[in-house]
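**Student:** This is the structure, below, for whatever I ask next.
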Amino acid sequence: MVWPNAVHLAVSHTSPAVLWALAELHSSLQRRNVVLDAAAPFKIELADSAPDALAVSDTAESYALFETAGGIGVWGADERGLIYGLTELADRVAHARTGENIFGQLPIAETPTARVRSIARLFCSEEEDKIWFYDQNQWCAYLDMLAYNRINRFSLTLGMGYNYPGHNLWITDVYFYFPYPYLLDMPGYGIAIEGLGEAERRRNLETLQFVARETARRGMEFQLALWTQRYDFDDVPRARQTVVGVTDDNLAPYCRDALTELLIQVPEITGLTFRVHVEGGISEGDYDFWKEAFAGVAAAGRPVEIDMHGKGLDHEMLDVARRSGMPVAASPKYMSEHMGLPYHQSAIRNREYPKNPGRSDRERISAGSRSFLRYSYGDLLTKDKDYKVIFRIWPGTQRVLLWGDPELAAGYARSSMFAGADGVELCEPLSFKGRMGTGIPGGRLNYQRQDLLPRYDWEKYRYQYRVWGRLLYNPDAPRESWMRELRSDCGDAADLCERALGLASRVLPLISMAHAPSASNNHYWPEIYTNISLIPGNNGRAYAFDIEGEARFGNVVPFDSELFMSPREHAERLLAGEVDHRYTPLDVADWLEEMAAGVEHALIDIKACKASGRPAVQRLVIDAAIAAGIARFFAERFRAAIYAEIWLATHVTSVIDTALDYVRRSVTAWEGIAAVSREVYDNDITYGPQSWMRGSWHSRLEEIRAEILDIEASRGALKNYTGAGQGSTTPMRPDVQHALDAIAERKPVTGRRLAKSVPDTVQAGEAFTVRIDEVFDEPPVLHYRHVNQAERWVASTMTASDGAYLGVIPADYTKSPYHLQYFVTGVMDSGPFISPGLEGNLANEPYHTALQA
């Protein structure tokens, strides 16, 4: 039946969440003029089981839809599975095109991959965020959207706007920063917000209660993130509100009792997230405070998951949480405070390895003995862990532009369960907008053009939520599950929009992985980039504190130093005539250029589509064009940086001339970006008070242009300094000629799937042998490491044996609580390779993981 006139919804259930999903299907049918009639022959009903032929898993949250003799059967492994089955039908009905089967292709059965699929919405700006916080209609539409897209945890995040200590003079907008007195009146403590009326405080609590109820009503977990437990209440002269009544003696008991009261007032809260390092206001190692706080969680009398942010977390802190009797989770950053490629970086930056174990100050854990947990999973992924690990993707890379690549999203789904982890939380688009007192009334969406404004801020990103949620749930989901809404929004341009945005969405994650001038989202914003010069001298203040050595572009390391090289490293290898197994900046430049070309071709074709003038298409075209320009800008800068580094090492003038050519091309690329953004986006897009955290693409143009003059001036000065005569050039050196020849004749580093034989798992205390059944001119190299970011990788040349190569990881190395990672490098006729390395879509894990048996 293509489009029945009437349907009998033969579904009865007592669960409020299932009833909500049933009501959604009901409404969807009515909007498509399908009559609901108990006498109708076409029946939709819940099934006790799915047909055996579907071989559907009984894993939690699985569902199946299938044809029955009288209509359609809906089966779910549990309540959430039923919700997904019913909302899948509702979504199909809502987006069915004339002439199509209104219920789509059947049967379908899906099972989740990531167990935790969380979205975090941050309150950071009183000016910009109160609008959505108090809007109940907005909340209902937003939570509907999350539930339809298989998000199973919503995290309302308070107190994340500042990184205390050290920001006291920046602290202005403190609304919800220390959240309890904005929500609760705790008798006996005298702690309050000066000037906050009772009616406003009550409204805040009622809004929180409403959001929690509506989240639960849609079958999602409600997580409340309370990132800050104190700040210098008496030493924030620019703060707009003042917290009174807090003392050293009453802070911990107050937080304890406030947590208990909050959990009683909002019984739908299923978990609490805490920042347990010094930036949350509590000195690292102050376990007594957390014992009191967690006792307050336990006193509510029900299981509430204690989720601790990874930075500053140690095993004693885990024990404190365990002893509360509550479920425990740790939530490390996925990749620093940015969004990189889907895999977990194989190595952290050198400056994050363990150091200063004897520190006794307030940051002695996060900046000392356990610095390796600042920006990645550290040592949390042991075989026998008794806590969840949930990766959090911070909003440092892409805040404004649309994102939506099904292949990267599927990669994130697979990597979210890496080495026994449990899932991922995404800080949603626009996170940190208006942060640190930079909110602009009405400025949350950043557009000058009124015709591009959606009704609610998140509606611009509906496709991103869909791609992210549905592929996080099932990385092998049918394409139709995200294309149906895109076709509704973009009409005949939908397929081209999918391609353009898919490629555009790879640009900034790749740049973030390969170019890491700062791990902090307060300093590095690759989307609206603050330039760092190729040569020493006039370099951005944004990055100087976080770059090892001299602050210049070529000296910036990647976030994954095991698989990527900096421009300086690559130039040094070229001059020394050495081959390195890692991806070079020139490889990254080639990828970026290919992405840009693919986006630009799709955008040209979109112009001929009938739907090209729709606001949804226009927003996508504008953002994809900006992303393509960013790709070209960075591609040319990576190339320029190689030549600039060779010049800095050798002073051969012709090399800097080549670098200047690439710099000019990069400037041309940014001029193209500015031409697109100037009439569309605001001049001052604010994510912080510093110059590098606000502005727009067109406002960055002059500083980017100025670099050409800086390089030309330095070039002349350095010629005179090296003793070359006026107007003369330094003679070409053999090592420079060799480097230039190597660039001209280079073969890119490629990812390769080698024929190999390895055990499925690691037996602790037994040797682990990797066999490669291929022939090489030179023996390949096996690289291996425990799944522990505190450790360095080991490299071992493999041994030829009976037409194959063997690499052995010793028995004493496998005797460990950690799983193993490994990859193989070498050189073949096609050039250097990494196995498995990155595939063409950059969405896979470039190493193998062998789990402990």
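The values are calculated or read from the model by the stated rules, or taken from the named source; none is laboratory data. All values reported here derive from a predicted model rather than from experimental measurement. Virtual Cβ from ideal backbone geometry, glycine too; neighbours counted across all protein chains shown. Side chains included, ligands, DNA and RNA excluded: accessible areas come from the protein's heavy atoms. Shrake-Rupley method; radii C 1.70, N 1.55, O 1.52, S 1.80 Å.
**Student:** Please report how far the C-alpha centroid of segment 326-380 lies from that of segment 617-665, rounded to the nearest whole angstrom.
**Tutor:** Between the Cα centre of segment 326-380 and that of segment 617-665, the gap is 32 Å.
**Student:** Just want the answer: with Cβ charges of +1 for Lys and Arg and -1 for Asp and Glu, which residue in F133, A21, L603 is farthest toward the dipole's positive end in the chain?
**Tutor:** Projecting each Cα onto the dipole axis, the largest value belongs to L603.
**Student:** Order of 146-158, 768-780, 197-209, 453-465 by packing, highest average Cβ count within 10 Å first?
**Tutor:** Packing order, densest peptide first, comes out as 146-158, 453-465, 768-780, 197-209.
**Student:** Report, for the chain, the % of DSSP beta bridges that are antiparallel, rounded to 5.
**Tutor:** That works out to approximately 45 percent antiparallel.
**Student:** Order the peptides 11-18, 367-374, 79-86 from the highest to the lowest mean number of other Cβ atoms within 10 Å of their residues.
**Tutor:** Highest-to-lowest ranking by the protection proxy: 79-86, 367-374, 11-18.
**Student:** Find which of S62, Y353, A616 sits farthest along the positive direction of the dipole of the chain, computed with +1 on the beta-carbon of Lys and Arg, -1 on that of Asp and Glu, about the Cα centre.
**Tutor:** Most positive-ward Cα: A616.
**Student:** I'd like the Karplus ³J(HN,Hα) series for segment 233-246: coefficients 6.51, -1.76, 1.60, θ = phi - 60°, whole numbers in Hz, and an x wherever there's a Gly or Pro.
**Tutor:** 4, 9, 9, 10, x, 9, 5, 7, 10, 10, 8, 10, x, 7
**Student:** Starting from the amide H of M308, placed 1.01 Å from N in the peptide plane, find each other amide H under 5 Å away whose residue is 5 or more places distant or on another chain.
**Tutor:** Answer set, sorted by chain and number: F274, A329, A330, S331.
**Student:** Another question, then. Report, in debye and to the nearest 20, how large the dipole of the chain comes out about its Cα centre when Lys and Arg carry +1 and Asp and Glu carry -1 on their Cβ.
**Tutor:** 860 debye
**Student:** Moving on. Need one number: convex hull volume per residue for segment 732-797, Cα atoms only, in Å³.
**Tutor:** Spread over its residues, the Cα hull of segment 732-797 gives 170 Å³ apiece.
**Student:** I need the phi-derived Karplus couplings for segment 482-488: 6.51 cos²θ - 1.76 cosθ + 1.60, θ = phi - 60°, integer Hz, Gly and Pro marked x.
**Tutor:** 9, 6, 4, 6, 4, 5, 4
**Student:** Right, here's the next one. How much length is gained on full extension from E206 to S757, taking 0.36 nm per residue of separation minus their Cα-Cα distance?
**Tutor:** 192.4 nm
**Student:** Report the full-extension gain for the segment S49 to R705: residue separation times 0.36 nm, less the Cα-Cα distance, to one decimal in nm.
**Tutor:** Going from the current span to full extension adds 229.6 nm.
**Student:** OK, next. Percent of accessible area on segment 1-142 owned by carbon and sulfur, 1.4 Å probe?
**Tutor:** Roughly 49 percent, rounded to a whole number.
**Student:** What is the distance in Å between the Cα centres of segment 500-573 and segment 18-61?
**Tutor:** For segment 500-573 versus segment 18-61, the Cα centre distance is 50 Å.
**Student:** For segment 276-320, give the percent of accessible area contributed by carbon and sulfur heavy atoms, probe 1.4 Å, rounded to a whole number.
**Tutor:** Its accessible area is 48 percent carbon and sulfur atoms.
**Student:** Sticking with this one: In whole Hz, with x marking every Gly and Pro, tabulate ³J(HN,Hα) for segment 203-218 from phi via Karplus 6.51 cos²θ - 1.76 cosθ + 1.60, θ = phi - 60°.
**Tutor:** After applying 6.51 cos²θ - 1.76 cosθ + 1.60, I find 4, 4, 5, 5, 5, 4, 4, 4, 4, 5, 4, 5, 5, 5, 5, 9 Hz.
**Student:** For V116, list long-range residues whose amide hydrogen, built 1.01 Å from N in the peptide plane, is under 5 Å from its own amide hydrogen.
**Tutor:** Hits under the 5 Å cutoff: G423, V424.
**Student:** Give the accessible surface of the chain per residue, rounded to a whole number of Å², with probe radius 1.4 Å and ligands, DNA and RNA excluded.
**Tutor:** Each residue of the chain exposes 35 Å² on average to a 1.4 Å probe.
**Student:** May I have the extent of the alpha carbons of segment 446-548 along their three principal axes, as whole Å values ordered from largest to smallest?
**Tutor:** For segment 446-548, the Cα extents along the three principal axes come out at 52, 37, 22 Å.
**Student:** Probe radius 1.4 Å, ligands and nucleic acids left out: which of K311, K610 has the largest accessible area, and how do the rest follow?
**Tutor:** Sorted descending by solvent-accessible area, the residues read K610, K311.
**Student:** When you take every Cα atom in segment 505-599, what is the radius of gyration, and what is Dmax, the widest Cα pair distance, in Å?
**Tutor:** 13.5, 39
**Student:** Over 19 Å between Cα atoms, which of K333/K815; K311/K355; K130/K433; K388/K433 qualify?
**Tutor:** Correct reply: K333/K815; K388/K433.
**Student:** Another one. What does the chain give for Rg and for Dmax, in Å, if only its C-alpha atoms count?
**Tutor:** Values for the chain (Cα only, Rg and Dmax): 27.9, 98 Å.
**Student:** Identify, among I72, L205, P817, the residue whose Cα sits farthest towards the positive end of the charge dipole of the chain, taking +1 on the Cβ of Lys and Arg and -1 on the Cβ of Asp and Glu, with the dipole about the Cα centre.
**Tutor:** Most positive-ward Cα: L205.
**Student:** If every alpha-carbon in segment 274-368 counts as one equal scatterer, what log10 I(q)/I(0) does Debye give at q = 0.10, 0.21 1/Å?
**Tutor:** -0.31, -1.08
**Student:** Further, regarding this structure: Accessible area of segment 148-219 with a 1.4 Å probe: how many percent of it is carbon plus sulfur?
**Tutor:** Carbon-and-sulfur percentage of accessible area, whole number: 52.
**Student:** With N residues in segment 571-715, what two-decimal value do you get for its Cα radius of gyration over 2.2 N^0.38 Å?
**Tutor:** 1.24
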